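The values are calculated or read from the model by the stated rules, or taken from the named source; none is laboratory data. These figures come from a predicted structure and were not determined experimentally. Here Cβ is always computed from backbone atoms with ideal geometry, including for glycine, and neighbour counts include all displayed protein chains. All accessible areas refer to the heavy atoms of the entire protein, side chains included, with ligands and DNA or RNA removed. Shrake-Rupley method; radii C 1.70, N 1.55, O 1.52, S 1.80 Å.
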Amino acid sequence: MNPLARRPFRLAANRVNYLLPGGEMIDEFLGLPRGSAPGASQMWVASTVQSTLPGAADSRSYILPADGGGCLAEALQRDPAAFLGQKHAAAFGADPGFLLKLLHSSQRLLVQAHPDRARAEKYFHWPHGKTEAWYVLATEGEAYVWAGFRPGVTREAFAALIEKQDTAAILGCLHRFSIAPGDVIFIPAGLPHAMGANSLVAEIQEPTDITLRAEYIRPDGSRLPPESLHGGAGMDALLDCFDFSCAAPREAVRERYFLRPERRAVPGGVETTLVGPAATCCFGLVRLALTGPCPRQNPAFRVLLVEQGGGELSGGGVTLPLHQGAEVFVPAGVGEYTLTPTGKGLAVLECIPPLALTKHTRNAPPCRGAQPPRAPRPPDQKK
C-alpha cells in the first residue's frame with residue numbers, strides 16, 4: 001500500500017482559466033494580491049477531472065511536495081481502494097465521484113444547463129451527469145443568480161431565442177435572485193441557470209466538465225465559437241439537456257432550490273449540513289465552525305477546504321498546519337482525525353462522497369436529478 005494512503009496530505013492550489021474573466025476574489029481568499037492569476041476565474045479542489053475546453057492546461061490537482069508530491073489522480077489510479085475505500089472503489093474505481101470548485105467571475109456567466117447521467121452518456125459518452133450546488137462564500141456589492149424557467153417558457157420559443165442570440169430575452173426566461181454569504185443553491189442536472197458577477201462561490205458537483213449554453217455572446221459583447229453552445233453534440237442535444245418541465249413561479253423555484261442548512265452542536269463547535277442527502281445522493285457538503293478541538297470519524301475518504309481561520313489537523317500519525325484556502329485529502333485508511341483551531345477559530349468545508357451519505361433520498365426538486373452511483377467507463381471513452 002502507498003504510505004500516503006495511511007495519512008492525510010495537502011494539495012496545492014489548482015487555478016484554472018475558464019472562459020470568463022475573474023478570479024480576483026479567489027486571489028484574496030488565498031491571501032494573494034488581487035490580479036495575481038489573470039484569467040484564473042476558478043480553483044478546482046482535489047480534482048481528478050481534465051477541463052474539456054480546447055487547449056486547456058492540466059486541471060488536475062497535485063499533492064504538495066512537502067507531503068510527497070505527484071498528481072492526485074495518478075496516485076488514486078495506482079491504489080483506489082486504499083485511498084477511497086473498498087466500497088467506493090468497487091462503484092467508482094479511482095474516481096472520487098465529486099469535484100469541489102471555487103468560482104469568481106467579473107461578468108455574468110452565460111445561461112446554461114448540464115446533462116443528467118443518461119444524457120451525458122448518450123451525447124458525450126461520459127458516465128457522470130452534472131448536478132451541482134453552490135455555497136456563497138462572499139459578495140461584493142449586489143450579487144445575483146438566475147435559476148429556473150419562468151412559467152410559459154417552451155422548448156420551441158427558447159430555441160428561437162438561441163437561434164437569434166437574443167441574449168436579453170434568453171436571460172429574461174429565467175428568474176433572478178439576490179444572493180448573500182451563507183446562501184446555498186441546489187442546481188440539479190437540467191435546471192437552467194447563470195451566476196452573476198461579484199460573488200465568490202464554492203461549487204460542489206458531479207465530476208463532469210460538460211456545459212450546454214444558450215448564449216455564445218458574452219456580456220461584454222465578445223463572442224465564443226458557436227459550437228461552444230453544445231460542444232459539437234448539436235442543437236437537439238442542447239435543448240434536450242435543458243429541462244423545460246421545471247418552469248414554475250418565482251417563489252416555487254426559490255422554495256425548491258434554495259436549501260435550508262441544518263445545524264447541530266458537535267465537540268468544539270457547530271456542524272452545518274449545507275447539502276445533505278435530502279437534496280441529492282451525489283455528494284454532501286458540511287461546514288464546521290470550531291473554537292475548540294473537534295474529533296471527526298472518517299468512514300470513507302474526505303476532502304477538506306479551509307474557509308476561514310487557522311489551526312491544525314492531526315491523524316494518521318501526522319499533524320498538518322491549516323490556513324485559509326488550504327486543501328487536505330483524508331484517505332479512507334485514516335479512521336479518524338482531529339481539527340484544532342488556533343486564534344479566533346477555524347471554519348472548514350468537508351466534502352462527503354456519494355456512498356458515505358447516510359441515506360439516498362430526493363425530496364426537494366421535481367426536475368431531473370442525480371441517479372445512484374455506478375461504475376464509470378474507462379477514461380479513454382470520455383470523448
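Taking every residue in segment 314-333 that is free of Cβ contacts under 8 Å to residues at least 24 places away in the same chain and open to solvent by 10 Å² or more (accessible area, probe 1.4 Å) and pairing it with any residue that is among the acidic types (Asp, Glu) and in a strand (DSSP E or B), at least 6 positions away or on another chain, the pairs with Cβ-Cβ distances below 7 Å are Thr319/Glu312; Pro321/Glu312.
Once segment 250-267 is narrowed to residues that are part of a strand (DSSP E or B) and in contact (Cβ under 8 Å) with a residue 12 or more places away in the chain, the residue that is surrounded by the fewest Cβ atoms within 10 Å (Cβ to Cβ) is Glu262. Step by step: first the residues of segment 122-158, then only those that are more than 29 Å from Arg260 (Cβ to Cβ) and modelled with pLDDT under 95, then the one that is surrounded by the fewest Cβ atoms within 10 Å (Cβ to Cβ). Which residue is that? Restricting to residues being more than 29 Å from Arg260 (Cβ to Cβ) and modelled with pLDDT under 95, the top hit is His125. Across segment 159-183, the qualifying residues are those that are charged (D, E, K, R) and touching a strand residue (DSSP E or B) at 6+ places or on another chain (Cβ under 8 Å), and the one among them that is most open to solvent (accessible area, probe 1.4 Å) is Arg176. Here the condition is being in contact (Cβ under 8 Å) with a residue 12 or more places away in the chain and part of a helix (DSSP H, G or I); of Ala56, Ala120, it holds for Ala120 alone.
Tell me yes or no: at least one residue of segment 66-73 is aliphatic (A, V, I, L, M), over 27 Å from Thr211 (Cβ atoms), open to solvent by 10 Å² or more (accessible area, probe 1.4 Å) and touching a residue at least 24 places away in the same chain (Cβ under 8 Å).
Residues of segment 66-73 that are aliphatic (A, V, I, L, M), as a first pass: 66, 72-73.
Among the residues that remain, those that are also over 27 Å from Thr211 (Cβ atoms) are: 66.
This time we only want the ones that are open to solvent by 10 Å² or more (accessible area, probe 1.4 Å), so: 66.
Adding the requirement that they be touching a residue at least 24 places away in the same chain (Cβ under 8 Å) leaves 66.
Yes, segment 66-73 contains a residue that is aliphatic (A, V, I, L, M), over 27 Å from Thr211 (Cβ atoms), open to solvent by 10 Å² or more (accessible area, probe 1.4 Å) and touching a residue at least 24 places away in the same chain (Cβ under 8 Å).
Tell me, which residue of segment 1-41 that is surrounded by fewer than 23 Cβ atoms within 10 Å (Cβ to Cβ) and polar (S, T, N, Q) is nearest to Arg78 (Cα to Cα)? Looking at residues that are surrounded by fewer than 23 Cβ atoms within 10 Å (Cβ to Cβ) and polar (S, T, N, Q), I get Asn2. Filtered by the rule that a residue be among the aliphatic types (A, V, I, L, M) and under 30 Å from Leu19 (Cβ atoms), segment 53-93 gives Leu53, Ala56, Ala57, Ile63, Leu64, Leu72, Ala73, Ala75, Leu76.
Return the residue satisfying two criteria in turn: it lies in segment 3-49 and is basic (Lys, Arg) and over 17 Å from the mean Cα position of the chain (by Cα), and of such residues it is nearest to Ile63 (Cα to Cα). Steps first, please.
The initial filter retains those residues of segment 3-49 that are basic (Lys, Arg), namely 6-7, 10, 15, 34.
From the residues that got through so far, the ones that are over 17 Å from the mean Cα position of the chain (by Cα) too are 6-7, 10, 34.
Numbers: Arg6: 15, Arg7: 13, Arg10: 6, Arg34: 25 Å.
It comes out as Arg10.
Could you look through segment 59-84, keep only residues that are part of a loop (DSSP other than H, G, I, E, B) and more than 19 Å from Pro127 (Cβ to Cβ), and pick out the one that is modelled with the lowest pLDDT? Lay out the reasoning, then the answer.
Of all residues in segment 59-84, those part of a loop (DSSP other than H, G, I, E, B) come to 59-61, 64, 68-70, 79.
Going one step further and asking which of them are more than 19 Å from Pro127 (Cβ to Cβ), we end up with 61, 64, 68-70, 79.
Values: Ser61: 97, Leu64: 98, Gly68: 93, Gly69: 96, Gly70: 96, Asp79: 96.
The qualifying residue modelled with the lowest pLDDT is Gly68.
Out of Asp220, Asp240, one residue alone is of a type in the set (Asp, Glu), open to solvent by 10 Å² or more (accessible area, probe 1.4 Å) and closer than 16 Å to Thr131 by Cα. It is Asp240.
Scanning segment 268-313 for residues that are open to solvent by 30 Å² or more (accessible area, probe 1.4 Å), closer than 22 Å to Phe186 by Cα and either modelled with pLDDT under 95 or assigned to a loop (DSSP other than H, G, I, E, B) (or both) yields one hit, Ala278.
Restricting attention to segment 265-312, the residues that are farther than 21 Å from Val334 by Cα and of a type in the set (D, E, K, R) add up to 1.
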